[in-house]
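Below is one structure, written out as structure tokens, with a few remarks after it.
The values are calculated or read from the model by the stated rules, or taken from the named source; none is laboratory data. Everything numeric in this text was worked out from a predicted model, so none of it was measured. We place every Cβ from the backbone using ideal geometry, glycine too, and count neighbours over all the protein chains shown. Surface areas here come from the heavy atoms of the whole protein model, side chains and all, with no ligands, DNA or RNA. Shrake-Rupley method; radii C 1.70, N 1.55, O 1.52, S 1.80 Å.
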Amino acid sequence: MSFKPPYWYHDNIKFSDEEIDTLKKELTRMSAVLSEDDSLREQVTTYFVDDTTRPEKRFNNFYSKLVEDIMKNVGLYRMVRYEYIYWSQLYLKNNKHNPHQHSRKIEESSRQYEEVIISWVHFLDVPEQKCFRFVDNDGNILVPEQQLNGDIIVFPSWVWHEVLPNESDKKRIVISGNISVTHYDDF
């Protein structure tokens, strides 16, 4: 049997060059506070940045509609209540992201039970090199073909994936997100 982690192509939606350039400049400014040696760090990410100051928040309406479309496409839109988060990532030359997955369960006294079930990546401005790939513990890999500017892929949050070092001088910009279920409807 060959290694075929579940994922699907959602769409190809490109932002304007102006929107990409603005995001790239803001993320590059954020990267200035990190180590000067790009080979010693991973990507610049807004995942840990305060929600109100994230440069990608200008796309809230777009990603709200995108997540709604994803939930409709997987048949869960009317069956669950959900929340989502998304963040931007900038990869300079040699930046990478080690193997990881996004699945987790959250129970806090101030929040309902949440289960991250779906993750997605929107390739905004990427070099020709296909850096994103799915991996497993046996060394199997699957490189999705859909990694052009504007491509959006969706996958179960438990699927392990990584980003290989960016070998290009071109900055690689993606926006990633997670969809969490906060309530399942009973039948």
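Checking ARG78 against (1) closer than 25 Å to TYR9 by Cβ; (2) open to solvent by less than 60 Å² (accessible area, probe 1.4 Å); (3) not in a strand (DSSP E or B): exactly one of these is not met. Which one?
Among (1) closer than 25 Å to TYR9 by Cβ; (2) open to solvent by less than 60 Å² (accessible area, probe 1.4 Å); (3) not in a strand (DSSP E or B), the lone unmet condition for ARG78 is (2).
Among the residues of the range 39-63, write down those that are under 17 Å from VAL174 (Cα atoms), at pLDDT 75 or above and part of a loop (DSSP other than H, G, I, E, B).
GLN43, THR46, TYR47, PHE48, VAL49, ARG54
Going through the range 65-75 one residue at a time, which ones are open to solvent by less than 70 Å² (accessible area, probe 1.4 Å) and touching a residue at least 12 places away in the same chain (Cβ under 8 Å)?
Pass one, the range 65-75, residues open to solvent by less than 70 Å² (accessible area, probe 1.4 Å): 66-71, 74-75.
Of everything in the range 65-75, those that are open to solvent by less than 70 Å² (accessible area, probe 1.4 Å) and touching a residue at least 12 places away in the same chain (Cβ under 8 Å) turn out to be LEU66, VAL67, ASP69, ILE70, MET71, VAL74.
Of all residues in the range 41-70, which are of a type in the set (A, V, I, L, M), touching a strand residue (DSSP E or B) at 6+ places or on another chain (Cβ under 6 Å) and over 21 Å from ARG133 (Cα atoms)? Don't jump to the end; show me each part of the working.
From the range 41-70, those of a type in the set (A, V, I, L, M) are 44, 49, 66-67, 70; that's our starting set.
Among the residues that remain, those that are also touching a strand residue (DSSP E or B) at 6+ places or on another chain (Cβ under 6 Å) are: 44, 67, 70.
Hit for the range 41-70 is VAL67, nothing else.
Within the range 119-152, count every residue that is surrounded by 16 or more Cβ atoms within 10 Å (Cβ to Cβ) and within 20 Å of ARG104 (Cβ to Cβ).
5
Check LYS57, LYS65, LYS72 and return the single one that is on the phi < 0 side of the Ramachandran plot and over 17 Å from the mean Cα position of the chain (by Cα). Spell out the reasoning first.
Values: LYS57 fails: over 17 Å from the mean Cα position of the chain (by Cα); LYS65 fails: over 17 Å from the mean Cα position of the chain (by Cα).
That would be LYS72, the only listed residue that is on the phi < 0 side of the Ramachandran plot and over 17 Å from the mean Cα position of the chain (by Cα).
Scan the range 84-108 for residues that are closer than 30 Å to ASN137 by Cβ and open to solvent by 50 Å² or more (accessible area, probe 1.4 Å) and jot them down.
Keep residues of the range 84-108 that are closer than 30 Å to ASN137 by Cβ, which gives 84-107.
Answer for the range 84-108, where residues must be closer than 30 Å to ASN137 by Cβ and open to solvent by 50 Å² or more (accessible area, probe 1.4 Å): TYR84, ILE85, LYS93, ASN94, LYS96, ASN98, PRO99, GLN101, SER103, ARG104, LYS105, GLU107.
For the list (1) touching a Pro at 6+ places or on another chain (Cβ under 6 Å); (2) within 28 Å of THR22 (Cβ to Cβ), I need the number of the one condition that HIS161 fails.
HIS161 satisfies every listed condition except (1).
Does the range 108-132 hold any residues that are in a strand (DSSP E or B), of a type outside the set (A, V, I, L, M) and either modelled with pLDDT of 60 or more or touching a helix residue (DSSP H, G or I) at 6+ places or on another chain (Cβ under 6 Å) (or both), and which are they? Can you show your working first?
The first filter runs over the range 108-132 and keeps only residues in a strand (DSSP E or B), leaving 108, 111-125, 132.
Next, only the ones that are of a type outside the set (A, V, I, L, M) stay: 108, 111-115, 119-120, 122-123, 125, 132.
Within the range 108-132, GLU114, GLU115, SER119, TRP120, HIS122, PHE123, ASP125, PHE132 qualify.
Say we look at the range 10-33 and pick out the residues that are open to solvent by 90 Å² or more (accessible area, probe 1.4 Å) and at pLDDT 80 or above; which of these is nearest to VAL154 (Cα to Cα)?
Narrowing the range 10-33 to residues open to solvent by 90 Å² or more (accessible area, probe 1.4 Å): 14, 17-18, 25, 29, 33.
Filter again for at pLDDT 80 or above, leaving 14, 17-18, 25, 29.
Values: LYS14: 16, ASP17: 24, GLU18: 26, LYS25: 27, ARG29: 29 Å.
Only one residue fits best here, namely LYS14.
If GLU36 meets every condition in (1) within 30 Å of ASP136 (Cβ to Cβ); (2) at pLDDT below 90; (3) open to solvent by 50 Å² or more (accessible area, probe 1.4 Å); (4) not aliphatic (A, V, I, L, M) apart from one, which number is that one?
Unmet for GLU36, out of (1) within 30 Å of ASP136 (Cβ to Cβ); (2) at pLDDT below 90; (3) open to solvent by 50 Å² or more (accessible area, probe 1.4 Å); (4) not aliphatic (A, V, I, L, M): (1).
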